[in-house]
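Just so it is clear, none of the values below were taken in a lab; they were calculated from the coordinates. In this text, all values refer to a predicted model and were calculated from it rather than measured experimentally. Here the Cβ is made from the backbone with ideal geometry for all residues, glycine too, and neighbour counts use every protein chain on show.
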Amino acid sequence: METGHRIETLGILGAGRLGMTLAQLAVSAGLRVLIARSGDPAPISRRVRAIGATPATSAEVIDQTDAVVLALPLGRYRSLPADALDGSLVIDAMNYWWASDGVRDDLSDPRTSTSELVQSHLPGARVVKALSHMGYQDLEDEPRPAGDPDRKAIAIAGDEPRDVAVVAALVDDLGFDPVFAGPLAAGIAMEPGAEAFGADVDAASLRGMLEGFADSQRGIVVARARGEAAAAATPRIERVPVESSALRSVGYRADLAVLEIEFVSGDVYRYHAVPASVHDALMDAESHGRFFLDRIRDVYPTTRVS
Ligand SMILES: NC(=O)c1ccc[n+]([C@@H]2O[C@H](COP(=O)([O-])OP(=O)(O)OC[C@H]3O[C@@H](n4cnc5c(N)ncnc54)[C@H](OP(=O)(O)O)[C@@H]3O)[C@@H](O)[C@H]2O)c1
């Protein structure tokens, strides 16, 4: 995937196992790093300085860096200061982990990726999910230069291509191949319960895991929950002629359709768990392109076929 302009100063909120490992990697990559715990940074100062990073308060991390990595327990995401993070590029590396977060239905709702929850809490921030699925020990052990045949990959999910590109460049700088997983909603394919969670594999294998999510047990639960949620919101069908796509249906699984859309570019994507009513309306629509933009893009779990 393409990489964007480089982050020079990286902020990290959370100075535990993941935060300190990322700080070490970023310092090794030549970045300036500011890292904070929840309160006074004094208790972490010596450890942080020993790896070449700067201990800071959360406010300093947010004010003085190009991007802020969230490396704190997900259960505490509501403690993040939404006003201060307005306008910031925020890299969400957090996962729902019941052992530390407690049993929380809101953090395991299949309709919503946890990064979407974080984005809702930080409406003015630009949230990208990344650096979340690989364990901190693998992160520490595996950085390699670009082109190394044993280089491992890290998945990225985000809604804004420019922000995704910036995070991809960071992942590359840290020593990993960036792999685009889709919009923020698709971040669920790298959360606990998905095959990609814990993955310490190369880019081709990681892509395979992400693409296989839709057919996995968790993927089917997610697709059903989302398909049903989408079907519940009865859509208005707008028919505006746009010659932008050709499409064909590849069949149904139970009451949920699988659609394959071939774009004029030649790219073919598969959309899973599209409700039968939407599928049928699409097949009838005079304008497939417009209907696609309004009703299908970014709504259903998507895999690339070719
Ligand atoms: N461990 C891994 O291998 C790994 C890999 C990928 C992703 N993750 C994710 O990364 C997150 C952190 O995991 P971890 O294993 O590093 O946990 P950890 O070792 O328990 O560290 C959590 C850190 O977050 C800090 N913290 C808590 N609330 C904070 C706040 N409001 N602002 C700033 N810092 C805050 C804690 O500091 P104080 O309590 O001292 O303030 C502590 O330094 C989790 O969401 C986890 O799912 C972990």
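Side notes on the structure shown:
- Once C-alpha pairs closer than 8 Å and six or more residues apart are averaged by separation and normalised to the residue number of region 9-215, the relative contact order reads 17 percent.
- Residues whose amide H lies under 5 Å from that of Val127, counting only those 5 or more places away or on a different chain, are Val90; hydrogens are built 1.01 Å from N in the peptide plane.
- Across region 32-49, rounded Karplus estimates of 3J(HN,Hα) from the backbone phi angles (6.51 cos²θ - 1.76 cosθ + 1.60, θ = phi - 60°) give 7, 10, 10, 9, 10, 9, 6, x, 3, x, 3, x, 9, 4, 5, 4, 5, 5 Hz, Gly and Pro being marked x.
- Along region 56-62 the Karplus relation, 6.51 cos²θ - 1.76 cosθ + 1.60 evaluated at θ = phi - 60°, assigns HN-Hα couplings of 8, 7, 4, 4, 5, 4, 5 Hz to successive residues, with x for each Gly and Pro.
- Look at the dipole of region 99-206 built from charges on Cβ: of Gln137, His121, Val171, the Cα furthest out on the positive end belongs to His121.
- Model label sites at Ala42 and Trp97, defined 7 Å from Cα along the beta-carbon direction, differ in position by 2.8 nm.
- The residues neighbouring Ala53, those whose beta-carbon lies less than 10 Å from its own, together hold a net charge of +3 under the Lys/Arg +1, Asp/Glu -1 convention.
- For region 9-215, the extents of the C-alpha atoms along the principal axes are 47, 40, 33 Å, listed from largest to smallest.
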